[in-house]
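J.: Okay, handing you the structure first.
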Amino acid sequence: MKKILIVDDEEVIRMLYGEELEDEGYDVITTGTGQGLVELVGREKPDLIILDIKMAEHDGLDLLQDIRKEYYNVPVILCSAYSSYKGDLKSIAADYYVVKSADLSELKRKISMALEGHLPFDSAQESE
């Protein structure tokens, strides 16, 4: 079972994504903060990360850079209510960018695409 980490400061989003993705057969973990995110990734070893950009205490684009320094091969999907961040140069480090919507079909499609061809967490880190 693939494990997905959802990082979003909005509890409603974490619950919605979590329930929908669990129904799709994924193991889901969530956090409402970027505090200690790199350590959480190392401990939980997710197969994919869904990362909000605009959070109250953290900038998701900065968190993306931190993740990439340690775990370059873990797919990351940036998920934001603001499409304007798509043009930010920092966002190119993400595998995909999805604008938040109540319809999760695009997010689910990007998750499937991101997971195809990626090695499991442990294998990806060992190959570096």
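J.: So how far apart, in nm, are the two label points at Arg68 and Lys3 if each is 7 Å from Cα heading toward Cβ?
T.: Distance between label points: 2.4 nm.
J.: Let me ask something else about it. Non-local amide H neighbours of Asp59 (under 5 Å, H modeled in plane, Pro and chain starts lacking H): which ones?
T.: For Asp59, whose amide H was placed from the backbone, there are no distant partners under 5 Å.
J.: Next question. Along region 61-71, what does the Karplus equation 6.51 cos²θ - 1.76 cosθ + 1.60 (θ = phi - 60°) give for ³J(HN,Hα), rounded to whole Hz, x for Gly and Pro?
T.: 5, 5, 5, 4, 4, 5, 4, 5, 5, 9, 10
J.: Quick one: which residues, 5 or more positions from Thr30 or on another chain, have an amide H under 5 Å from its amide H? H modelled 1.01 Å from N in the peptide plane, none for Pro or chain starts.
T.: Amide H neighbours of Thr30, under 5 Å, 5+ apart: Ile6.
J.: Next question. Starting from the 7 Å offset along Cα-to-Cβ, what nm value, one decimal, do you get for the label separation of Lys45 and Lys108?
T.: Modelled inter-label distance: 2.8 nm.
J.: Taking amide hydrogens as modeled 1.01 Å from N in the peptide plane, which residues meet the under 5 Å criterion relative to Lys2, leaving out close sequence neighbours?
T.: Asp27
Every read-out reported here was derived from the displayed coordinates using simple, explicitly stated rules and does not represent laboratory data. Being a predicted model, the structure only gives us computed values, none of them experimental. Here the Cβ is made from the backbone with ideal geometry for all residues, glycine too, and neighbour counts use every protein chain on show.
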